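S.K.: Encoded as structure tokens, here's the structure I'll be asking about.
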Amino acid sequence: WIRSNKREREIEMSHIERVKEVRAIVEPHYNCGQSILVPFCKELGMTEEQAYALGAHLGKGMRHGGTCGALSGTLLVLGAMGFSEEEAAAFIQQFQKRCGDTACGVLISGFSDPDSQDRKDFCNDLVLETAAALDQLTAQK
């Protein structure tokens, strides 16, 4: 984690800016779920370190190509913020409509090399779009 002037930066930085920042960090790696949870850690009532640990196994579709980690992280935020089951279901439906599926394995199936820059760019864009939709929804609460 970047520690210099962390407190000041957290106050000034938007969720989306923080998502961009954590996606750019190489070590430690922030998976797609952590890239949602860490910027929204205050809404979860936890520290960045706790949010990072909570999302440890959300990446790569919960490590088996299942539900996209960005979507899983979003659902954790929505639950912590008291959003209803109906609101969460609507978010899932919107995600599926926008992305074509909710499963990581399906979403990245078009990439022959899972470590390619194209796949990484795809996931970065997906995480940013998901964070922006979450940010817009949470701003209404």
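S.K.: By how many nm would the segment from K97 to N124 lengthen if fully extended, with 0.36 nm per residue of separation less the alpha-carbon distance?
M.R.: Extra length from K97 to N124 when fully extended: 7.9 nm.
S.K.: Using modelled backbone amide H atoms (1.01 Å from N, in-plane), which distant-in-sequence or interchain residues come within less than 5 Å of A103's amide H?
M.R.: The list, which skips near neighbours in sequence, is C68.
S.K.: Per residue, how much accessible area does the chain have with a 1.4 Å probe, in Å²?
M.R.: With all protein chains present, the chain gives 55 Å² per residue.
S.K.: Please report the carbon-and-sulfur percent of the accessible area for the stretch 50-127; probe 1.4 Å, protein heavy atoms only, DNA, RNA and ligands left out. Intermediate results must be reported in sequence, preceding the final value.
M.R.: Working: 2240 of 4300 Å².
After summing per-atom areas, the C and S share lands at 52 percent.
S.K.: Only Lys, Arg, Asp and Glu count, each charged at its Cβ (+1, +1, -1, -1), so figure out the dipole size of the chain about its Cα centre, rounded to 20 debye.
M.R.: Roughly 160 debye for the chain.
S.K.: Determine, for each peptide in 111-123, 68-80, 36-48, the mean count of other beta carbons within 10 angstrom over its residues, then list the peptides with the highest first.
M.R.: My ranking of the peptides, most packed first, is 68-80, 36-48, 111-123.
S.K.: Among the listed pairs K20/K120; K120/K141; K20/K42; K60/K141, which are separated by more than 25 Å between their Cα atoms?
M.R.: Numbers: K20/K120 13 Å; K120/K141 32 Å; K20/K42 17 Å; K60/K141 30 Å.
Too far apart for the 25 Å limit: K120/K141; K60/K141.
S.K.: Considering the chain, what Rg and Dmax in Å follow from its alpha-carbon atoms?
M.R.: In Å, with Rg to one decimal and Dmax whole: 14.3, 42.
The values are calculated or read from the model by the stated rules, or taken from the named source; none is laboratory data. Only a predicted model underlies this, so the values are computations on that prediction, with no experimental measurement involved. Virtual Cβ from ideal backbone geometry, glycine too; neighbours counted across all protein chains shown. Protein only, heavy atoms only, side chains kept; ligands, DNA and RNA dropped before computing areas. Shrake-Rupley method; radii C 1.70, N 1.55, O 1.52, S 1.80 Å.
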